[in-house]
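Step one of this worksheet: look at the structure below.
No lab work stands behind these numbers, since they all come straight from the coordinates. Bear in mind the structure is a predicted one, so any value in this text is a computation, not a measurement. No Cβ is skipped: glycine too gets one built from the backbone with ideal geometry, and neighbour counts run over all protein chains shown.
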Amino acid sequence: MDDAQGFRRLLRGSLLALLLGAILVALCFFFVDKPVAFFVHDHHIAGFAVLKWLTYPPPILQAWAPVALAALMVRRAWGPFRRWEKALLAAAISMILADQFRESLSFVFGRTWPDTWIQNNPSLIKNNVYGFHPLEGNIRYGSFPSGHTARTLALAAVVWIAYPKPWWRGAAGAASLAVAVGLLGMNYHFVGDVIAGGVVGAVVGAYTANGCGLLPSPP
């Protein structure tokens, strides 16, 4: 399979993932997001400190991504990258790109948050405000999609592709699930936000892994 065939296959998979993601987000908007947010609030689930801890890794890892990229630039002067170095390169790039995609999409969709956290943002819990406000261009309307899951799934997609053994894939899946549980348990995001962020991140990660030469050759 040549590069063009590989990218066509990746494009088909990405379009399918985006379509399914859009359907799930729509279903969550009408039937899931509000009940889950009220349940989390009414049962004081955010009181469990471990849930907040689960949300810490994505921004920390992204903050160190430029350091990793700079180190890899220096390392490349001494020869071609090994596979783990290609994976590190793809992971760092994909996390940065996924968060930028998230920022652009949040501007376009302008969704309010489940609860009030940032700059006295309007929210479902505090103000009974629920919905999308396109092109607001304000962090107060930046719930959709989730940047945490976008970054996490971007990294997980790279690991999933670069290291297809069950242990690595299981670890990537478990880490992604843990971040999602933390976000929902803290009422930082709606379920639909988490799904959308995950789809965006996974697509970005898959393309970045492909571009860095990490996709395995077909049999």
- Item | Fluctuation leader among Gly192, Gly205, Gly170 - the chain, Gaussian network, Cα springs under 10 angstrom | Gly170
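Taking loop as defined by DSSP and a crowding limit of 15 other beta carbons within 10 Å, which trypsin sites (Lys or Arg not before Pro) in region 66-116 fit?
Values: sites: Arg75, Arg76, Arg82, Arg83, Lys86, Arg102, Arg111; in loops: Arg82.
Passing sites in region 66-116 are Arg82.
Starting from the exponent 0.38 and prefactor 2.2 Å, build the expected Rg for region 110-166 from its residue count and divide its actual Cα Rg by it. If you can, show how the numbers build up before the last one.
Working: Rg = 15.7 Å, N = 57, 2.2 N^0.38 = 10.2 Å.
Rg over 2.2 N^0.38 Å, computed on Cα atoms: 1.53.
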- Item | Convex hull projection area averaged over all views, the chain, Cα basis, nm² | 13.3 nm²
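Which of rounded, prolate or oblate describes region 1-111 when judged by the alpha-carbon gyration tensor and an a/c cut-off of 1.5?
Working: a/c = 2.86, a/b = 1.46, b/c = 1.96.
In terms of gyration-tensor shape, oblate.
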- Task: Sequence neighbours fewer than 8 away in the same chain don't count; with that in mind, list the aspartates and glutamates whose C-alpha is under 19 Å from Lys52.
- Result: Asp42, Asp115, Asp193
- Note on the structure: Of Phe109, Phe38, Phe30, the most mobile residue in a GNM of the chain (C-alpha springs, cutoff 10 Å) is Phe30
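Among residues other than Leu61 whose Cβ falls under 14 Å from its Cβ, what is the net charge (Lys/Arg +1, Asp/Glu -1)?
On the way: positive: Arg151; negative: Asp99.
Local charge sum for Leu61: 0.
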- Under a point spin-label approximation (7 Å from Cα along Cα-to-Cβ), what is the Arg75-Glu103 distance to one decimal in nm? 2.6 nm
- Neighbourhood charge, 11 Å Cβ-Cβ cut-off, centred on Ser176 and excluding it, Lys, Arg +1 and Asp, Glu -1: +2
- Once Val36 and Arg83 are pulled to full extension, the length gained, defined as 0.36 nm per residue separation minus their Cα-Cα distance, is 12.8 nm
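If the chain between Leu18 and Val50 were fully stretched, how many nm would it gain, using 0.36 nm times the residue separation less the Cα-Cα distance? Please report the intermediate quantities before stating the final value.
Numbers: separation 32, 0.36 × 32 = 11.52 nm, distance 3.11 nm.
Full extension of this stretch gives 8.4 nm more.
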- Note on the structure: Check: C-alpha center region 107-171 vs C-alpha center region 44-99, spacing in Å is 18 Å
- Task: Determine which lysines satisfy two conditions relative to Lys126: a Cα distance under 19 Å, and not lying fewer than 8 residues away in the same chain.
- Result: Lys34
- Task: Determine which residues of region 73-108 fall in the zone a paramagnetic label at Ile139 would reach in this model, i.e. backbone nitrogen under 20 Å from the point 7 Å along Cα→Cβ.
- Result: 96-108
- Among Phe132, Phe31, Phe107, whose mean-square fluctuation peaks in a Gaussian network model of the chain (Cα, cutoff 10 Å)? Phe31
